[in-house]
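Okay, structure first, notes after.
The values are calculated or read from the model by the stated rules, or taken from the named source; none is laboratory data. The structure displayed is predicted, hence computed values, not measured ones. In this analysis, Cβ positions are derived from the backbone assuming ideal geometry, glycine residues included, and neighbour counts consider all displayed protein chains.
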Amino acid sequence: MMRYGRCFCRESENRSLRNKFKKIIKGCVMLGFAGILAAVLGNWYVRRESSNKIIAGEAAADLMELDCILVLGCGLRVDGTPNRMLADRLDKGIELYQAGVAAKLLMSGDHGRIDYDEVNQMKQYAIDRGVPSEDIFMDHAGFSTYESMYRAKDIFQVSKMVVVTQDYHLNRAVYIGNSLGVDTYGISAKQVRYGGQRMRDFREILARNKDLINCLLCPTPTYLGEVIAVSGNGDITNDKELFIKN
């Protein structure tokens, strides 16, 4: 009887542990599904709220009183020049500037280290294509899309603008700008398929949800600073002595 009693107790304990384990697994699965559902809904909401402000380049001529054309940085080649994605963004931004869509270009990117400088390369690229240096502002602390949009409003005093980036990225950029109180329109750079785009598309879903939360909480960027109105002279943002047109 004692042996039977011990076996019965062990079996009861094992059954209890199995039931607890099943509950934990079930809870994890439910949390996983809830997370996926929240991500899907967040992605849908950001796309829905921004889609009506994404326009074709030809329609930009109808926009009135734009403060600037904002070009978002996205990386450099090993030799320090803009990568293909960034060059396509710059080409579109310059095209819009030359068409008279706005009188100023705002180059926003990562210049957080001495040996990595997106914005000076972006400005030099535009100067080499005929844009006057004084019409090009540089945001040296545009470390993320959210920070670029926040600083456009807070530092550069932008109230209405066009933002240029690739199609997959436009919804988030436009949503952030408008959520922060800047009348923001989006225009896509040249439509091509870049290497690694599937992974980029997946990360963008997560990024839209992250920035949806950012727009609710409104955290301050890594750096703020003194006001540099984009209506002035872009050379005030220069941190190098001379820009030379080749």
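Some points to look at:
- The range 67-83 - residue that is touching a Leu at 6+ places or on another chain (Cβ under 8 Å) and crowded, with 18+ Cβ neighbours inside 10 Å and, of those, farthest from Val163 (Cα to Cα): Leu76
- Extreme residue, nearest to the chain's Cα centre (by Cα), among residues of the range 185-232 that are over 14 Å from Asp154 (Cβ atoms) and among the β-branched types (Val, Ile, Thr): Ile205
Residues are listed down the side, and each one gets a yes or a no for (1) of a type in the set (Gly, Ala, Ser); (2) touching a residue at least 40 places away in the same chain (Cβ under 8 Å):
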residue: Leu180; (1), (2): no, no
residue: Ala189; (1), (2): yes, yes
residue: Tyr194; (1), (2): no, yes
residue: Leu217; (1), (2): no, no
residue: Val227; (1), (2): no, yes
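- Counting the residues of the range 171-209 that are part of a helix (DSSP H, G or I) and not aromatic (Phe, Trp, Tyr) gives 20.
- Subset of the range 161-184 [farther than 24 Å from Asn83 by Cα and not aliphatic (A, V, I, L, M)]: Tyr175, Gly177, Asn178, Ser179, Gly181, Asp183, Thr184
- Residue-level analysis places Ala141 among those that are of a type outside the set (S, T, N, Q) and more than 19 Å from Ala102 (Cβ to Cβ).
- Test: residue in the range 43-59 that is part of a helix (DSSP H, G or I) and aliphatic (A, V, I, L, M): yes
- The residue of the range 224-238 that is surrounded by the fewest Cβ atoms within 10 Å (Cβ to Cβ), among those that are β-branched (Val, Ile, Thr) and farther than 10 Å from Lys104 by Cβ, is Val227.
- Filter result for Leu90 (in contact with a helix residue (DSSP H, G or I) (Cβ under 7 Å, 6 or more places away or on another chain), more than 24 Å from Lys210 (Cβ to Cβ) and either at pLDDT 95 or above or charged (D, E, K, R) (or both)): yes
- The set of residues from the range 29-66 being loosely packed, with under 11 Cβ neighbours inside 10 Å and among the charged types (D, E, K, R) comprises Glu58, Asp62, Glu65.
- So Tyr185, is it touching a Lys or Arg at 6+ places or on another chain (Cβ under 6 Å) and either within 21 Å of Gln121 (Cβ to Cβ) or crowded, with 18+ Cβ neighbours inside 10 Å (or both): yes
- Residue within the range 199-208 that is surrounded by fewer than 17 Cβ atoms within 10 Å (Cβ to Cβ), more than 15 Å from Arg89 (Cα to Cα), of a type in the set (Asp, Glu) and at pLDDT below 95 present: yes
- Among the residues of the range 150-168, those identified as assigned to a helix (DSSP H, G or I) and under 19 Å from Ile94 (Cα atoms) are Ala152, Asp167.
- Single residue of the range 84-111 satisfying the filter (in contact (Cβ under 8 Å) with a residue 60 or more places away in the chain and small (Gly, Ala, Ser)) that is surrounded by the fewest Cβ atoms within 10 Å (Cβ to Cβ): Ala102
- Cβ-Cβ contacts under 9 Å between residues 6 or more apart (or on different chains), taken from a first residue in the range 43-61 that is within 11 Å of Arg208 (Cβ to Cβ) to a second residue that is among the hydroxyl-bearing types (Ser, Thr, Tyr), are listed as Tyr45/Tyr175; Val46/Tyr175; Arg47/Tyr175; Glu49/Tyr175; Glu49/Ser179; Ser50/Tyr175; Ser50/Thr184.
- Some residue of the range 133-145 being over 24 Å from Leu180 (Cβ atoms), among the polar types (S, T, N, Q), at pLDDT 95 or above and in a helix (DSSP H, G or I): yes
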